[in-house]
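Read through the structure below, which is laid out as structure tokens, and then see the notes.
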Amino acid sequence: MTGRISREFIDELLVRVDIVDLIDSRVPLKKTGANYVARCPFHTEKSPSFSVNRNKQFFHCFGCGASGNAISFLMDFGHLDFVEAVEDLAAFAGVDVQRESPSQVSIKSGRDCLGDLYLLLERVAEFYVEELRNAPVAIDYLKSRLVKGEVARDFMLGYAPDKWGAVADKFDQKLLIEAGMLVVKDDGKTYDRFRNRIMFPIRDKRSRIVGFGGRVLNDSLPKYLNSPETPLFHKGKEVYGLYELLVKNPKPQRILIVEGYMDVIALAQYGIYYSVAALGTAVSQAHLDLLFRFSSELVFCFDGDKAGRDAAWKVVEPVLSSLKDGRLCRVMLLPEKHDPDSLVRAEGLDGFVARVQEAQVMSDYFFEQMSFGLNLSEMEGRAQLHAKAKPYLAMMQDSAFKEMMAAKLRDLSGVKAVAVLENNLVSHGLGVNRSRPAEINRLSSSRVAIALLLQNPELAKLVEKKEIDWGGLEFKGIDLFKNILQTILEKKIVNPAVLLEYYRGLPEEKTIIALAFLDVHVVEDKVEEVFFDALSVLLNQAREACVLRLQAKAQTQNLDEQEQALLIAMLLGK
Ligand SMILES: [Zn+2]
């Protein structure tokens, strides 16, 4: 398990695996023409618009726009992160993941025995479950909270006995320390971290126990105690209850985010199996990214007291930076003196669910909070609102939703230009929808050239043979074109899926994906011809522009030697 996965391995893996076989093993495909089709696994549809292309090793959905290579498919389909997807793909291909040797990357000690740590925590959890059976005091507590046996089983609730060495004396001490289950004193002596507490195992989304939360049975403090950060457990990345939620419903319509373990358990009692809890930390962007993989609607539920209201405002930043089209967040503030447990008891399941469904959408909540205490009928109040809200809107990703938020701010503040919102989709000079009419012709030649190069990496060799002198040439997208060309030649890329992998997470990724799926309407034996036609149009335009530039300069000042040579070359080249 050590080291980073090597780039060469990923390239090889993508060449070795056939995306048609891979997807067919998850979503049965039907052959139609050059492509394989199915009903899209990423959106609900009646007729198939999900298409897989064997030559390009890509999938693409014309309905929802999902697209990518085999790794992207596994990430989206299995809700996996990148490394997990590569591991699964390697397993599918029947090969071991090759990682860079430990000397090449710095690794923390103990990374070798993660498997042992997972196993240890599973055993410890079983031990706590066993202990619960023999602990009337803990059973009484759970009964007082009306926890049913079935729910206790689903969540594997347990009890940590009131002893200093209950787990310390039973399991491997070195592993226990690494897993955060023991406290080590200055003199080297150790004792159980969790004592006389109801124990909540925290599982990651792949069902492995990564840590524990423990709740006291009385009023002593701290009321809740969590495992410390360990090689397995990262509070900022995990949420409590996600695995249990996915067991009941892999595609929940919405996920409710509550404050504590007992809230999750209490709601499950009432059949609400779609809640999770952050682990004693503020909700982070990583939490949101994790949860949005499983549902497009998140509802944040906060107690009605001041602490709850303050906590609600704290989610605004991470939420705004992760919201994009198709994602929805709501904020649900409970009535004063209520938590989810007491409220669902007081109002019943239907009443509670109605509150969840009617919870305020994030945009309303945001502007309500922003406008609080400001007099918007006065210019000063509106100016203050504009100044306060602008930095938040600047955090948002470009999307129709961001534009709507900006429009709302314009309406409320009366300030026409909200500069932070100027769209930067055209940063590569290839903005697909926003090009001005005068540019369309030039854009389309460069788009055709780049799209065909992406879709047919073998063209790069032919371009290389032409020995084009790129000096002084400029056209829309030239940097991207040259960048792709160079990547293909340097990395000896044979198929588009491998090429796409080199741009994962880079600023060019979006443009590249859009162009990789741009239908240029060329039959296969005309690809080369159309590509070089487009390229020569671009080169000619660029040469012409260069000549004009140099001639204009020559009228007012002397050209240096280099410029003269360039001008002559350009004129001869035509
Ligand atoms: Zn789709």
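The values are calculated or read from the model by the stated rules, or taken from the named source; none is laboratory data. On a predicted model such as this, the values are computed, not experimentally measured, just so you know. Using ideal geometry, Cβ is built from the backbone for each residue, glycine included, and neighbour counts are taken over all protein chains shown. The accessibility values were calculated without ligands, DNA or RNA, using every heavy atom of the protein model including side chains. Shrake-Rupley method; radii C 1.70, N 1.55, O 1.52, S 1.80 Å.
About the Cα centre of the chain, what is the dipole size in debye to 20, counting +1 per Lys and Arg Cβ and -1 per Asp and Glu Cβ, all else neutral? Write down the numbers at each step before the final one.
Numbers: 73 positive and 79 negative charges, 132 e Å.
Dipole size: approximately 640 debye.
Could you name the lysines whose alpha carbon sits less than 20 Å from that of K174, not counting residues in the same chain fewer than 8 places away?
In chain and number order, the partners are K108, K163, K185, K189.
Compute the long axis of helix 340-357 from its Cα atoms, compare it with the longest principal axis of the Cα atoms of the chain, and write down the angle in degrees, 0 to 90, nearest 10.
Once rounded, the angle reads 20 degrees.
So what is the orientation-averaged projected area of segment 7-93, using the convex hull of its C-alpha atoms, in nm²?
Details: hull surface 21.5 nm².
Taking a quarter of the hull surface, the average projection is 5.4 nm².
How long are the semi-axes of the equivalent ellipsoid of segment 437-573, defined as square roots of 5 times the Cα gyration tensor eigenvalues? Whole Å, largest first.
Listed largest to smallest, the semi-axes of segment 437-573 are 30, 16, 15 Å.
At 10 °C and a viscosity of 1.306 mPa s, what translational diffusion coefficient does Stokes-Einstein give for the chain, taking Rh as the Kirkwood radius over Cα pairs? Give it in µm²/s as a whole number. Kindly include the intermediate steps, with their values, before the conclusion.
On the way: Rh = 28.1 Å.
The Stokes-Einstein estimate is 57 µm²/s.
Any idea what the alpha-carbon Rg over 2.2 N^0.38 Å comes to for segment 285-326? Walk me through the intermediate numbers first.
Details: Rg = 11.2 Å, N = 42, 2.2 N^0.38 = 9.1 Å.
That ratio works out to 1.23.
Positive end of the dipole of the chain, charges at C-beta (+1 Lys, Arg; -1 Asp, Glu), about the Cα centre: which of Q360, Y36, V316 has its Cα farthest in that direction?
The residue sitting farthest along the positive end of the dipole is Q360.
Counting C-alpha atoms alone, how compact is segment 373-421: give Rg to one decimal and Dmax as a whole number, in angstrom.
10.5, 31
Below 8 Å, C-alpha to C-alpha, sequence gap of six or more: please give me the relative contact order for the chain in percent.
9
Let me have the 222 nm mean residue ellipticity of the chain computed from DSSP H runs of 4+ only, each contributing -39500 (n - 2.57), with the sum over all residues rounded to the nearest 500. Display every interim value, and only then the final one.
Details: 24 runs with 272 residues, N = 574.
Value at 222 nm, helices only: -14500 deg cm²/dmol.
Nearest 10 degrees is fine. How inclined is helix 114-133 to the longest principal axis of the chain, computing both from alpha carbons?
30
Alpha carbon centre of segment 229-298 versus segment 335-413: separation in Å?
Between the Cα centre of segment 229-298 and that of segment 335-413, the gap is 22 Å.
Please work out the average accessible area per residue across the chain, using the 1.4 Å probe convention, and give it in Å².
Counting only protein heavy atoms, the per-residue value for the chain is 51 Å².
Test of understanding: express the Cα radius of gyration of segment 71-228 as a ratio to 2.2 N^0.38 Å, with N the residue count. Display every interim value, and only then the final one.
On the way: Rg = 18.9 Å, N = 158, 2.2 N^0.38 = 15.1 Å.
Here the answer is 1.25, to two decimals.
Which percent, to the nearest 5, of DSSP beta bridges fully inside the chain are antiparallel?
Expressed as a percentage, antiparallel bridges in the chain total about 75.
Got a sec? What order do W164, W470 fall in by accessible area at 1.4 Å, biggest, i.e. largest, first?
Ranked list, largest accessible area first: W164, W470.
Could you pull out the pairs from K46/K324; K476/K510; K205/K402; K482/K526 whose alpha carbons sit more than 24 Å apart here? Spell out each step's value before the answer.
Details: K46/K324 26 Å; K476/K510 17 Å; K205/K402 30 Å; K482/K526 22 Å.
Distance filter (> 24 Å) returns K46/K324; K205/K402.
Using the Kirkwood formula on the Cα atoms of segment 246-359, what hydrodynamic radius do you get, in angstrom to one decimal?
Hydrodynamic radius (Kirkwood, Cα only) of segment 246-359 equals 14.2 Å.
If I fit a long axis through the Cα atoms of helix 379-394 and take the longest principal axis of the Cα atoms of the chain, what angle between them do I get, 0 to 90°, rounded to 10?
80
Take peptides 449-460, 372-383 and line them up by average Cβ neighbours within 10 Å, highest first, as a rough protection proxy.
Final packing ranking: 449-460, 372-383.
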